[in-house]
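Take a look at the structure below.
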Amino acid sequence: MHFIKRIESPDCQISLFSWNGKYIVKFEANQLEQTYKIDQTDVSSIEEVELVVNQEFVALVMNRFMNMSQDWYSHF
């Protein structure tokens with residue numbers, strides 16, 4: 001997996017990778033992570049991937065992190 005760059009966000013760490021013909025966007029918060037794979041043929045550039053990772057999408061990711069955390073602690 002090839003690291004491309006970090007995408008700035010005050011809410012979580014976002015990393016962009018390239019691997020096996022896909023862009024991988026990895027979100028990390030505390031001990032949790034979410035990854036999204038985008039086929040490189042579905043976008044024209046890295047900049048297009050970054051446009052998808054906007055504040056609205058990050059808010060959805062953070063909400064999912066909250067649900068994941070609740071699930072983890074209720075079963076741990």
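Identify the residue in the range 25-58 that is free of Cβ contacts under 8 Å to residues at least 12 places away in the same chain and assigned to a helix (DSSP H, G or I) and, among all such residues, is most open to solvent (accessible area, probe 1.4 Å).
Filtering the range 25-58 for residues that are free of Cβ contacts under 8 Å to residues at least 12 places away in the same chain and assigned to a helix (DSSP H, G or I), the one most open to solvent (accessible area, probe 1.4 Å) comes out as GLN55.
Considering only the range 11-31, I want to know if a residue exists there that is at pLDDT below 95 and not polar (S, T, N, Q). Break it down into steps so the answer makes sense when it comes.
Of the residues in the range 11-31, the ones at pLDDT below 95 are 11, 30-31.
Still in the running and not polar (S, T, N, Q): 11.
The answer is yes, given that some residue of the range 11-31 is at pLDDT below 95 and not polar (S, T, N, Q).
Looking at VAL43, VAL53, which one is closer than 14 Å to GLU8 by Cα and either among the aliphatic types (A, V, I, L, M) or within 11 Å of the chain's Cα centre (by Cα) (or both)?
Values: VAL43 fails: closer than 14 Å to GLU8 by Cα.
None of the others qualify; the one that does is VAL53.
Among the residues of the range 6-24, count how many are polar (S, T, N, Q) and open to solvent by 90 Å² or more (accessible area, probe 1.4 Å).
Initial filter on the range 6-24 (polar (S, T, N, Q)): 9, 13, 15, 18, 20.
Those still in the list that are open to solvent by 90 Å² or more (accessible area, probe 1.4 Å) too: 20.
The qualifying residues number 1.
The values are calculated or read from the model by the stated rules, or taken from the named source; none is laboratory data. Everything numeric in this text was worked out from a predicted model, so none of it was measured. When we count neighbours, we look across all protein chains shown, and the Cβ atoms used for this are built from the backbone with ideal geometry, even at glycine. Each accessible area value is taken on the protein alone, full model and side chains, heavy atoms only, with ligands, DNA and RNA left out. Shrake-Rupley method; radii C 1.70, N 1.55, O 1.52, S 1.80 Å.
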